[in-house]
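Reading through the structure tokens given below for one structure.
The values are calculated or read from the model by the stated rules, or taken from the named source; none is laboratory data. Since the structure is predicted, the reported quantities are computational estimates derived from the model, not experimental observations. Backbone-built Cβ (ideal geometry, glycine too); neighbour counts: all protein chains shown.
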Amino acid sequence: MSAGGYVTAIPAQTRSWWHDLIGIAVILIAATAGYFLFPDNLALLTRMIAIMLLVLSLDLVTGYCGVATLGHAALFGGGAYAAGIAAAHFGITEPITMIAIGAVGGALAGLISGIVILRGHGLAQLVLSIAIIHLFHEAANKASEYTGGSDGLSGITPDPILGLFEFDLWGRTAYVFGIVLLLLVFILLRILVRSPFGMLCQGIRQDPVRVSAMGASVKLTLIKMYVISGLVAGVGGAFNAVSTQVVGLDSLSFTNSAEALVMLVLGGVGSLYGALIGTVAFVWIEDLVSAANPFHWLTIVGALLIAVVLFAPKGLYGTAATFVERYRRGSK
Amino acid sequence: MTTLFEVDHLQKTFGGLNVTHDVSLTLGKGDRVALIGPNGAGKTTFVNLVTGHLRPDSGKVLMDGEDISTFKPMRRVRAGLVRSFQVTRLFAEMTPEEHVSLAILQRQGKSGRMAGSFQAMPDVMQETYEILETLNLTALGRVPVSEIAYGQQRLLEIALALALRPKVLLLDEPAAGVPHSDTFLIENALAQLPADLAVLMIEHDMDLVFRFAKRVIVLAAGEIIFDGLPVDATNDVRVREVYLGRELINLMEML
Amino acid sequence: MQTFFSIGVDALAYGMILFIISIGLSVTMGLMRVINLAHGAFAMIGGYIASYAARDLGLGYGLAIVIAVLGTIIMAVPLERFLYRRIYGAPELTQVLMTIGITFCVIGLANYVFGPTLKTIPLPAGLQGPVDIGFRTIAAHKLFAIGCGVVVALGLWYLIERTSFGVKLRASVDNTAMAAALGVRTKIVYAASFALAVGLAAFGGVIGAELLPVEPYYALRYMVTFLVVVSVGGAGSIPGALIACLLLGAIDTTGRYLVPEYGEFFFYLAVIAIVWVFPRGLMGRAK
């Protein structure tokens, strides 16, 4: 595999179905453990789930398609505000509908972001991604009638799910709802990355010229992936709105985008599992350090990034996967 | 011969340099043509112009009578014009099986499918392994490309071209970078190409050229100076001049 | 008419400050091919050092500038040696991550050492107040900024086009391996160019402190702006950077004068529009 401190995607060599079944089983077990081990901390775990969806969506675009973007929070925030506005201003408080609306909002944000960002390559692409997150942020800031501006959007009171499960103060309903959403999305994404479309995207990351020499449209494929990514991020944003009952401008911030990228790289790009692990590690560390003021946290994030690039470019999951692969090959 | 592929008075100038000067040629079904010429003659530029990676100043490209001059590269591939690259362009982390299957799926218009693994599609897998078999790559089917030898990577490039079922195939130095002992692999692969496919091959390896080509086109300084039988090419005065230089020929004739 | 003139002067001053800060980024991007998101952080460090020197130590403005530039370079040298060298030639994502990490660390440390408030750099008497140029008056520090910008542009042009260092620099930009094979000590060229870039950034950070206030989020706030200059102007091009800076200066200033409530929104929209129209930069060069 490629040498040096480069942040590379994890090789798609382990491709058997039952790897995924094991993976899903692990997620279920971890989720159940979380429920029983941290009953007073479910709000934190629920927040983790929402962010996992954002980081998963980022993995699609960065890990699988190779688009480096610092503006991905726009898709998350698009979903969050769509769901929040639907609830607070239009009285749509049925949770599953809110999630659906959020997905559409995220997809729309994804479409716009994708079209803008893919206009450039290299530095221009990065610049466009930064510009677009700031643009979305400012737009939300100014449209304060709908979004609440810098005060945030509150007054989101979701109905009981399916009319039966009320959102309780301990966050149990929200947590289980989140796990179900996460598993559904995750399973669909595993199917997606194995599909011909998924392979095409990975091809685009590895050599876009070869892809168009095969007769496939690179730009169209990437935009489709951006829309899918928007659906996922939108679900995450909407879930965040439903579970915390508030939507803030920070969901549309550059810092949010950058942190999502840190989480993804920390866990390992290009595997979906890395996205999950990276989020858990990062949010957990953040919680530990949360007593410190925001600037200390920023320094820690920065140091973490530098450390990952220098010492563990494949991330936690990627490095582990490489060890396992080498062990398997060595013992043959 | 029914004309399958036609290039009409192609012209390209870079700054003050005329890299392609009034180049015209035609290819028919089953043609086996070699495009040769000294370094810097403009052969790869020609391929880039014809495949749509470079825009010509004037001139036309026609496929099956259809004017494809304004088509983007991707559209030309779909029209049946496929090229291979002088320096291998493959997906380092994917296996030959995945490469060929992806090409097949793309040809079938199924590469946008968002569910179902290609390994569960029996017709795709069968065709994939048929193609890999023709090029002796079956054993390496599931090895990532970054781990297979360069000569075999070149073969995979040809396999990809085959999978796309082109009408016209442009091979840009298929034997480049391959150790001389392995050139026969490339030759065997070329022999397996479908009979009605028109093939234009750029090459420097003269042995390969003369064994493969039924027609030779010589490009020098952006111009075609010869278009005819291989054996006549070696005897043509202009060709010899371009390769050997006027003074050396004088010397040879003197000795 | 008065407004037009005011916008013009402000835009020119702002554009020149951007130029002084960004030209270093443009050169190092063209040379080392590193996407350096931390460049703004160096400008910020320069501003902080100058503020400390001038306000807390009571030193003169000129001396503060010198200390700021030297201090920033001294801090940047180990960064180049131990961090940047590891990412030359690395894939884009790797460079983005590393340099964002550096940026975050610098912001955090700046806040830790200097606190979150805005830092001013007291101007010397000569630069305070307005200057009468005949038909109008301009703030002296803006005129100073414009003047410095012109000097930097000319100085750099001279350095790159007329000196032997410039020849080596241009050769290394064109083809590093070849230049090294011809005997150019490319590592030294890199290090010297990096020091120059950082020094210029620090200088710009100091003299631009009236227009770009020094506070911990400075490095993030103007990150896009510096990157757009390089993207639109083309890495390594002095005229390109100059045009891009003046353009951005004009847009930002016009926005702030005419639509102050939507200033930022307008600015980012304009950035997207410019990059959309010139995805390969003004000069048509790809990255």
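What number goes with the only condition from (1) in contact with a helix residue (DSSP H, G or I) (Cβ under 6 Å, 6 or more places away or on another chain); (2) outside any helix (DSSP H, G or I); (3) under 30 Å from B:D8 (Cβ atoms) that B:S111 does not pass?
Only one criterion is unmet by B:S111, namely (3).
Show me the helices (runs of 4 or more DSSP H) found entirely inside the stretch C:1-120 where at least 2 residues are within 14 Å of another protein chain (Cβ to nearest Cβ) and more than 19 Å from the chain's Cα centre (by Cα).
In the stretch C:1-120, the matching helices (runs of 4 or more DSSP H) lie at C:92-114.
Is it the case that the stretch B:60-73 has a residue that's at the interface with chain A (Cβ under 9 Å from one of its Cβ atoms) and either of a type outside the set (F, W, Y) or out of contact with any strand residue (DSSP E or B) (no Cβ under 7 Å at 6 or more places or on another chain) (or both)? Full working, then the answer.
Keep residues of the stretch B:60-73 that are at the interface with chain A (Cβ under 9 Å from one of its Cβ atoms), which gives B:72-73.
Still in the list and also either of a type outside the set (F, W, Y) or out of contact with any strand residue (DSSP E or B) (no Cβ under 7 Å at 6 or more places or on another chain) (or both): B:72-73.
Yes, the stretch B:60-73 has at least one match.
Being closer than 20 Å to A:I187 by Cα and either among the hydroxyl-bearing types (S, T, Y) or free of Cβ contacts under 8 Å to residues at least 40 places away in the same chain (or both) is the filter here; which residues of the stretch A:35-61 pass it?
Those that are closer than 20 Å to A:I187 by Cα and either among the hydroxyl-bearing types (S, T, Y) or free of Cβ contacts under 8 Å to residues at least 40 places away in the same chain (or both): A:T46, A:S57.
Among the residues of the stretch A:98-147, count how many are part of a helix (DSSP H, G or I) and more than 7 Å from chain C (Cβ to nearest Cβ).
Counting residues in the stretch A:98-147 that are part of a helix (DSSP H, G or I) and more than 7 Å from chain C (Cβ to nearest Cβ) gives 30.
For B:H21, state whether it is in contact (Cβ under 8 Å) with a residue 12 or more places away in the chain, surrounded by fewer than 19 Cβ atoms within 10 Å (Cβ to Cβ), in a strand (DSSP E or B) and not basic (K, R).
When the stated conditions are applied, B:H21 passes them.
Kindly evaluate A:S251 against the criterion of being in a loop (DSSP other than H, G, I, E, B), of a type in the set (S, T, Y), at negative phi and crowded, with 24+ Cβ neighbours inside 10 Å. Break it down into steps so the answer makes sense when it comes.
Numbers: in a loop (DSSP other than H, G, I, E, B): no; of a type in the set (S, T, Y): yes; at negative phi: yes; crowded, with 24+ Cβ neighbours inside 10 Å: yes.
Taking the combined requirement at face value, the residue does not satisfy it.
So in the stretch A:288-327, with the set limited to residues that are among the β-branched types (V, I, T) and within 11 Å of another protein chain (Cβ to nearest Cβ), which one is farthest from A:G23 (Cα to Cα)?
A:T299
All but one of (1) touching a residue at least 40 places away in the same chain (Cβ under 8 Å); (2) surrounded by 17 or more Cβ atoms within 10 Å (Cβ to Cβ) hold for C:A171; which doesn't?
Just one mismatch for C:A171, condition (1).
Across the stretch A:193-208, what is the number of residues that are out of contact with any Phe, Trp or Tyr (no Cβ under 8 Å at 6 or more places or on another chain), free of Cβ contacts under 8 Å to residues at least 60 places away in the same chain and of a type in the set (A, V, I, L, M)?
The total comes to 1.
Residue check, C:A191 against (1) more than 20 Å from C:S6 (Cβ to Cβ); (2) in a loop (DSSP other than H, G, I, E, B); (3) among the aliphatic types (A, V, I, L, M), all met but one. Which one?
In the conditions (1) more than 20 Å from C:S6 (Cβ to Cβ); (2) in a loop (DSSP other than H, G, I, E, B); (3) among the aliphatic types (A, V, I, L, M), C:A191 misses (2) alone.
Among the residues of the stretch B:102-136 satisfying the criterion of being at pLDDT below 90 and within 22 Å of the chain's Cα centre (by Cα), which is nearest to the other protein chains (Cβ to nearest Cβ)?
B:L135
Have a look at C:V277, C:V232 and point out the one that is free of Cβ contacts under 8 Å to residues at least 12 places away in the same chain and of a type in the set (A, V, I, L, M, F, W, C).
It is C:V277.
Filtering the stretch B:76-100 down to residues that are outside any loop (DSSP other than H, G, I, E, B) and more than 8 Å from every other protein chain (Cβ to nearest Cβ), which residue is surrounded by the fewest Cβ atoms within 10 Å (Cβ to Cβ)? Break it down into steps so the answer makes sense when it comes.
As a first pass, look at the stretch B:76-100 and keep what is outside any loop (DSSP other than H, G, I, E, B): B:76-78, B:81-83, B:96-100.
Next, only the ones that are more than 8 Å from every other protein chain (Cβ to nearest Cβ) stay: B:76, B:81, B:96-97, B:99-100.
Working: B:R76: 23, B:L81: 25, B:P96: 29, B:E97: 20, B:H99: 26, B:V100: 28.
Of everything passing the filter in the stretch B:76-100, B:E97 is surrounded by the fewest Cβ atoms within 10 Å (Cβ to Cβ).
Given (1) touching a residue at least 60 places away in the same chain (Cβ under 8 Å); (2) aliphatic (A, V, I, L, M); (3) closer than 23 Å to C:L196 by Cβ, where does C:I107 come up short, assuming only one miss?
Among (1) touching a residue at least 60 places away in the same chain (Cβ under 8 Å); (2) aliphatic (A, V, I, L, M); (3) closer than 23 Å to C:L196 by Cβ, the lone unmet condition for C:I107 is (3).
Does A:V211 satisfy the condition of being within 11 Å of chain B (Cβ to nearest Cβ) and out of contact with any Phe, Trp or Tyr (no Cβ under 9 Å at 6 or more places or on another chain)?
Judged against the criteria, A:V211 is not a match.
Count, please, the residues in the stretch A:189-208 that happen to be assigned to a helix (DSSP H, G or I) and either within 9 Å of chain B (Cβ to nearest Cβ) or among the polar types (S, T, N, Q) (or both). Before you say what the answer is, go through the steps one by one.
Here is the first cut: in the stretch A:189-208, the ones assigned to a helix (DSSP H, G or I) are A:189-194, A:196-206, A:208.
With the extra rule that they be either within 9 Å of chain B (Cβ to nearest Cβ) or among the polar types (S, T, N, Q) (or both), the set shrinks to A:191-192, A:194, A:196-200, A:202-203, A:205-206.
Count: 12.
Here is a list: A:L261, A:L231, A:L266. Which entry is within 13 Å of another protein chain (Cβ to nearest Cβ), more than 12 Å from the chain's Cα centre (by Cα), at pLDDT 90 or above and in a helix (DSSP H, G or I)?
It is A:L266.
Determine whether C:Y262 is within 12 Å of chain A (Cβ to nearest Cβ), part of a helix (DSSP H, G or I) and without any contact (Cβ under 8 Å) to a residue 40 or more places away in the chain.
Yes: the conditions hold for C:Y262.
Report the residue count in the stretch A:156-166 for those that are more than 25 Å from the chain's Cα centre (by Cα) and assigned to a loop (DSSP other than H, G, I, E, B). Walk me through how you get there before you give the answer.
First, pick out the residues of the stretch A:156-166 that are more than 25 Å from the chain's Cα centre (by Cα): A:159-160, A:162-166.
The next check asks that each one be assigned to a loop (DSSP other than H, G, I, E, B); those that pass are A:159-160, A:162-164, A:166.
Result for the stretch A:156-166: 6.
Which members of the stretch B:49-59 meet the condition of being within 14 Å of chain A (Cβ to nearest Cβ) and of a type outside the set (A, V, I, L, M)?
Answer for the stretch B:49-59, where residues must be within 14 Å of chain A (Cβ to nearest Cβ) and of a type outside the set (A, V, I, L, M): B:T51, B:G52, B:H53.
Among the candidates A:L169, A:L153, single out the residue that is among the hydrophobic types (A, V, I, L, M, F, W, C) and either within 22 Å of the chain's Cα centre (by Cα) or modelled with pLDDT of 90 or more (or both).
A:L153
So which of A:L222, A:L181 is crowded, with 19+ Cβ neighbours inside 10 Å, in contact with a Cys (Cβ under 8 Å, 6 or more places away or on another chain), away from chain B (no Cβ under 11 Å) and in contact (Cβ under 8 Å) with a residue 12 or more places away in the chain?
Unique residue meeting the criteria: A:L222.
When the residues of the stretch B:24-44 are narrowed to those that are touching a residue at least 60 places away in the same chain (Cβ under 8 Å) and β-branched (V, I, T), which ends up farthest from B:E66 (Cα to Cα)?
Among residues in the stretch B:24-44 that are touching a residue at least 60 places away in the same chain (Cβ under 8 Å) and β-branched (V, I, T), the one farthest from B:E66 (Cα to Cα) is B:I36.
Within the bounds of the stretch C:235-250, is there any residue that is outside any helix (DSSP H, G or I) and touching a Phe, Trp or Tyr at 6+ places or on another chain (Cβ under 9 Å)?
no
Could you check the stretch B:151-255 for helices (runs of 4 or more DSSP H) lying wholly inside it with 1 or more residues that are within 16 Å of B:V33 (Cβ to Cβ) and not charged (D, E, K, R)?
Helices (runs of 4 or more DSSP H) meeting the threshold: B:183-191, B:206-212, B:230-235, B:237-244.
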